[in-house]
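Working notes, beginning with the structure itself.
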Amino acid sequence: MVAARTSVWNLANGVTVARIALVPLVLVALLTDDGTGTRRWVAAALFALAAGTDRLDGYLARRLDQVTDWGKLVDPIADKLLIGGSLVALSWVGDLPWWVTVVVLVRELGITAMRLAVLRYVVIPASRGGKLKTVLQSVGIGLFVLPLAALPAVVTVVAWVVVLLAVAVTVVTGVDYLVRGWRVRRAAVREP
């Protein structure tokens, strides 16, 4: 495991900040679509770019030895802003049921709160399951951001399969993070 550095400003963290900056652009393009699908294509391209930076910042952090506690904390928050904002927008325009958005957001906000609660003891980085969850959410939401009505029906079917799988993995990994957080808190209480 790479030791975390204390300096916040580096290339990897800059990519994370860029992802956060792309979120409002995705949402504006998604929410202002005029029915032609043009802005949905723009939203999909911006979403794909933002989602792609998630792998890039992690790669840069490890490759350039730029892993920081700030990056470990803010990277998942950037993911949550992109995923959560897109889910709310998709539910708002009626393309995705609100229950999907609520399940994902409750898990994401709950785990973020738990991570912040144990922050004074340890930074809990994303697990492999958490990373799989993020990939599934990104692919599923990315498909829903597309102008599905203008695409073959099979794309909609694939979008639903991926989103439902993402919801299942979201719940399972949420339970895993809660167990990890509880263990950290319990171990910290035992120590003087």
Item to check | Å² of accessible area per residue within the range 11-189, as computed with a 1.4 Å probe and no ligands counted | outcome: 50 Å²
Item to check | FRET E, pair THR32, ARG186, Förster distance 45 Å, beta-carbon r, rounded to 0.05 | outcome: 0.40
Item to check | Cβ-defined net charge surrounding ALA78, 11 Å radius [Lys, Arg +1; Asp, Glu -1] | outcome: -2
Checklist entry - Can you give the calculated 222 nm mean residue ellipticity of the chain, where each DSSP H run of n ≥ 4 adds -39,500 (n - 2.57) and the sum is split over every residue, rounded to the nearest 500 deg cm²/dmol? => result -27000 deg cm²/dmol
Checklist entry - Cα convex hull of the chain: how many Å³ per residue? => result 111 Å³
Item to check | Environment charge at LEU56 (Cβ cut-off 12 Å; Lys +1, Arg +1, Asp -1, Glu -1) | outcome: +1
Checklist entry - Between the range 30-73 and the range 132-174, what is the C-alpha centre distance in whole Å? => result 16 Å
Checklist outcome for this item: With R₀ set to 22 angstrom, the calculated FRET efficiency between the beta-carbons of VAL93 and LEU49, to the nearest 0.05, is 0.60
Checklist outcome for this item: In whole percent, the fraction of accessible protein surface over the chain that belongs to carbon or sulfur atoms, probe radius 1.4 Å, stands at 70 percent
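The values are calculated or read from the model by the stated rules, or taken from the named source; none is laboratory data. Given the structure is predicted, the values throughout are model-derived calculations rather than measurements. All Cβ positions, even for glycine, are placed from backbone atoms using ideal geometry, and neighbour counts span all protein chains on display. Surface accessibility is based on the protein's heavy atoms, side chains included, excluding ligands, DNA and RNA. Shrake-Rupley method; radii C 1.70, N 1.55, O 1.52, S 1.80 Å.
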